[in-house]
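Down below is the structure, laid out as structure tokens.
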Amino acid sequence: MKRYQVKLIGPEAQGARISSFALRDLINVLTEGCLRSLRLRVEGQSSSSGPVPAWLKASARFDFVGLAAGSTVLLVEAPSLAEASPDHFAQGDLFQDLDVGQPSLALLEEGLQDALQGNADSDAYDDGLIQVFEGFGGLLGPGIRSISIQGNRNIEVTSGQEALARAQENHIVALTRHADAKMALARALGATEEIYQHYLGIQ
């Protein structure tokens, strides 16, 4: 099990105590982020209609194991993907771009860091994960000024709106590049106007 520390800093983060609402919202953001980050890596998109598959629930799981002093520090532990869902990830050669020795929280870390750093070419987040990042905005304010996630990386979010704005901007850039690539392919194929509309998703 890999241990992570999620640290809240601000006037309302006083030692080993946290309000029930803040705890609920933070756990929801982390849980949904783990689910979507893993689904993005395995299926190519972070969200899908229908019930969440059992393997995904098992693999995205982490355990809240307590609070520690030093501002307010949440302690969570998460199994690796191979430990959490051995049947699904047993054939490692099918997941060559995925380190099954890491937990799903590591994937969330990567996506969040890429968004904050302005990595528009990242495959670690998409529009579904941008919606998850919005959840930090509900946690941050006068009472809690920053949230840091310490595990494989050390990531600090100091403004939910700033994080969201960067992620949205990066996503727009990525979509624009994708559309340009589609148009270049259409031109190379000698596309008609109808085919152009098909490539751009225009009905």
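Observations on the structure shown:
- Around residue 13: net Lys/Arg minus Asp/Glu count, Cβ-Cβ under 10 Å: +2
- Surrounding net charge for residue 40, when Lys and Arg each add one and Asp and Glu each subtract one, Cβ distance under 10 Å: 0
- Peptides 77-84, 63-70, 143-150 ranked from most to least packed give 77-84, 143-150, 63-70, packing being the mean of other C-beta atoms within 10 angstrom over each peptide's residues.
- Radius 9 Å from Cβ of residue 151, net charge of other residues (Lys, Arg +1; Asp, Glu -1): +2
Coordinate-derived values only; no laboratory data. Note that the coordinates shown come from a computational prediction; the quantities given were computed from them, not determined experimentally. When we count neighbours, we look across all protein chains shown, and the Cβ atoms used for this are built from the backbone with ideal geometry, even at glycine.
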